[in-house]
Amino acid sequence: MPYVPTQYEPVVPAAVDTGTVDSTTVLVVGAGPIGLACALDLGLRGHSIVLLSQNSRLTDGSRALCYARRPLEILDRLGLGERMVEKGVSWNIGRVFFRDKTDPVYSFDLSPVKDQKLPGMINIQQYYNEEYNIEALEALDNVDIRWGNKLTSLEEADDGIVATIETAKGDYEIQADWLIACDGSSSSIRNMLGLNFDGETFHDNFLIADVKFKKEYPTERHFWFDPPFNPAQSVLLHKQPDDVWRIDFQVGWDIDRDEIVKPENVTLRIQAMFGDDVEFEFEWISLYTFNCRQVDRMVQGRVVLAGDAAHIVSPFGARGANTGFQDTDNLAWKLDLIINGQANGSLLKSYDEERSPAARINILNSTRSTDFITPKSKISRQFRDAVLQLSSTHEFARGFVNSGRLSLPVPYLDSPLNSPDTDEWTGGVAPGTNCTDAPVMCGNKRSWLLNHLGWEFKVLIFSGAGQFTVEQQQELKSLANDDIPVSCIFVSEDALAGETVLTDVQGLAAERYGIGAGGGVYLIRPDQHVAARWRELDSGKIRDAVQRATGN
């Protein structure tokens, strides 16, 4: 049976009847994957959250289907990663085909760095991510999910915003210190603020069919350019949970949008691809036209934009939701410190300084993929076809093949939060870059390095036997007395009383972080990004780096 979206009871707050102004610390608008993740991150930090959804049910269809490793690491920090991976379909191999050739002209491996907790990519329908997130939110007393509540207007003030909310039983007002707009590509909040959303609409369409086959196919990403079953167009196939497969057919610009999505017409396309005797059931059919657009600034006073409300990309490369999760990962810890009085409001400027350039890079990569997949001129098509022809026999051409460069995290190499003159070696994980995972032992238990990082600033100290003194340990204790929480994690051969000590049993942590015989020190931000690193321990430098990374 096709998936039936979960339906929730619309919420009518008491303020509708009393006429009083409701209040919350953070108002999150939009209960898609990004709004839900944002609410969960801030909710787990203990803040009062109201989450608004103008709808009362989950989405249907696969939609945001592909989750890359970095977003999975973010969801794992929020307690959802293992469940996502268990349900999802993990894959690393992608193959590209051209015309009628049965052998791929190009293949790639998403996970060249092995021995990490989470896979390079999983496929899982968007509604599963939403279900898991909602269950986690419903367990928090400080989070109020309001289904069937639509924000219709807002007023800004120096100390927050006042929003008017529409329900089935009447309107009410809510005052919030902060508003986070996660209300998607057609964001009403973006429109209310009168923000430009500049970019490009691509004159092409893709037809999505989620189908359940009777026959099994490889758990890989297969992409065809100009195949016999869809001439002069492209097709993408990959697997989802529940034996459901997603097929994306490129169908061009001048189409009858009503006719093309009729099941009988989609059936003809699937039969052309798999044979007239193919057995399948439809789960979902949709049609999309893609855009690449971005707002000028993601921070507008007490209103912050995240996900598709701030930037949208074409779906090639799975950059939409994956980028949005990295927005909320960057935003939540900064807003947490500001709300708690541990950082001033200027820290929020770094959210825009880090995530806006990341959005531009994602749009650039997405645009390049789109131009390769849907060439706009005769010479562009000739170049693309020549690249694909050569790729089957000439390795140099394979680097030009672009069926959607898959989502990778964008490092914040020029971030103002990185401490200057602290990057004392090459290799390893540079300041501004997200941390790389590695297997470790914690006591007698197998563990993963990233599970010990995040939520607060961590000083990650690598030391050999006998290198770390009691005096140094005492010196680090002073960091805990500062206003901003900082804790220490040791990767060491020594047992240190009262400290978290990890054993680098395979040597992969030291290798991946560029640690030599003399050891090394990393300062890790609450979002698992490197703020600074040094060859030698110096608590004064650590304190200065923490102050810089918090805007103090």
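The values are calculated or read from the model by the stated rules, or taken from the named source; none is laboratory data. Worth saying up front: this structure is predicted, and the values here are computed from it rather than measured. Positions of Cβ are generated from backbone atoms using ideal geometry, with glycine treated the same way; all protein chains shown enter the neighbour counts.
Please go through region 184-199 and give me each residue that is within 20 Å of SER314 (Cβ to Cβ) and not hydrophobic (A, V, I, L, M, F, W, C), ordered by number.
Filtering region 184-199 for residues within 20 Å of SER314 (Cβ to Cβ) gives 184-187, 190, 196-199.
GLY184, SER185, SER186, SER187, ARG190, ASN196, ASP198, GLY199, listed by residue number.
If you check LEU58, LEU78 for being aliphatic (A, V, I, L, M), in contact with a helix residue (DSSP H, G or I) (Cβ under 6 Å, 6 or more places away or on another chain) and farther than 30 Å from LEU453 by Cα, only one passes: LEU58. Considering each residue of region 384-397 in turn, at least one proves to be buried (at least 19 other Cβ atoms within 10 Å of the Cβ), closer than 28 Å to ASN205 by Cα, in contact with a strand residue (DSSP E or B) (Cβ under 9 Å, 6 or more places away or on another chain) and charged (D, E, K, R).
With ALA531, ALA517 as the choices, which residue is in contact with a Lys or Arg (Cβ under 7 Å, 6 or more places away or on another chain) and under 24 Å from GLN474 (Cα atoms)?
Values: ALA517 fails: in contact with a Lys or Arg (Cβ under 7 Å, 6 or more places away or on another chain).
None of the other options fit; the residue is ALA531.
The set of residues in region 160-195 being out of contact with any helix residue (DSSP H, G or I) (no Cβ under 7 Å at 6 or more places or on another chain), part of a strand (DSSP E or B) and polar (S, T, N, Q) consists of THR164, GLN175.
Over 24 Å from ASP17 (Cα atoms), within 30 Å of the chain's Cα centre (by Cα) and surrounded by fewer than 15 Cβ atoms within 10 Å (Cβ to Cβ): which single residue out of ALA181, ALA157, ALA139 fits that description?
Details: ALA181 fails: surrounded by fewer than 15 Cβ atoms within 10 Å (Cβ to Cβ); ALA157 fails: within 30 Å of the chain's Cα centre (by Cα).
Only one candidate qualifies: ALA139.
The one condition from (1) hydrophobic (A, V, I, L, M, F, W, C); (2) surrounded by fewer than 13 Cβ atoms within 10 Å (Cβ to Cβ); (3) assigned by TED's automatic domain parsing to the domain that holds SER53 that ALA232 does not meet is (3). Check region 111-122 and report whether any residue there is crowded, with 20+ Cβ neighbours inside 10 Å, touching a Cys at 6+ places or on another chain (Cβ under 8 Å) and without any contact (Cβ under 8 Å) to a residue 60 or more places away in the chain. Looking for residues that are crowded, with 20+ Cβ neighbours inside 10 Å, touching a Cys at 6+ places or on another chain (Cβ under 8 Å) and without any contact (Cβ under 8 Å) to a residue 60 or more places away in the chain, one finds at least one in region 111-122, hence yes. When ILE339 is tested against the conditions (1) surrounded by fewer than 19 Cβ atoms within 10 Å (Cβ to Cβ); (2) aliphatic (A, V, I, L, M); (3) not assigned by TED's automatic domain parsing to the domain that holds PRO357, the lone failure is (3). Screening PHE202 against (1) in the same structural domain as GLN300 (by TED's automatic domain parsing); (2) surrounded by 15 or more Cβ atoms within 10 Å (Cβ to Cβ); (3) over 23 Å from ARG57 (Cα atoms) leaves a single unmet condition, (1). Restricting attention to region 420-446, the residues that are in a loop (DSSP other than H, G, I, E, B) and either touching a residue at least 40 places away in the same chain (Cβ under 8 Å) or under 21 Å from SER492 (Cβ atoms) (or both) total 18. If you scan region 188-201, which residues turn out to be over 14 Å from GLN300 (Cα atoms) and touching a Phe, Trp or Tyr at 6+ places or on another chain (Cβ under 9 Å)? Selection gives THR201 alone. Screening the candidates ILE93, ILE34 for the property of being out of contact with any Gly (no Cβ under 6 Å at 6 or more places or on another chain), among the aliphatic types (A, V, I, L, M) and either closer than 22 Å to ILE161 by Cα or touching a residue at least 60 places away in the same chain (Cβ under 8 Å) (or both) yields one hit, ILE93.
Inside region 231-296, counting only strands (runs of 3 or more DSSP E) that do not spill past its ends, which hold 2 or more residues that are among the aliphatic types (A, V, I, L, M) and free of Cβ contacts under 8 Å to residues at least 12 places away in the same chain?
Values: elements: 234-239, 244-250, 280-294.
So the answer is none; nothing clears 2.
Is it true that GLY428 is under 27 Å from the mean Cα position of the chain (by Cα), at positive phi, at pLDDT below 95 and surrounded by 15 or more Cβ atoms within 10 Å (Cβ to Cβ)? For GLY428, the condition - under 27 Å from the mean Cα position of the chain (by Cα), at positive phi, at pLDDT below 95 and surrounded by 15 or more Cβ atoms within 10 Å (Cβ to Cβ) - is met. Within the option set ARG355, ARG319, ARG398, ARG384, being closer than 17 Å to PHE290 by Cα and charged (D, E, K, R) holds for one residue only, ARG319.
Check ARG381, ARG368, ARG360 and return the single one that is modelled with pLDDT of 90 or more and under 25 Å from GLY320 (Cα atoms).
Working: ARG381 fails: under 25 Å from GLY320 (Cα atoms); ARG368 fails: modelled with pLDDT of 90 or more.
Among ARG381, ARG368, ARG360, only ARG360 is modelled with pLDDT of 90 or more and under 25 Å from GLY320 (Cα atoms).
Among the residues of region 21-65, the one identified as more than 19 Å from PHE325 (Cβ to Cβ), in a loop (DSSP other than H, G, I, E, B) and among the charged types (D, E, K, R) is ASP60.
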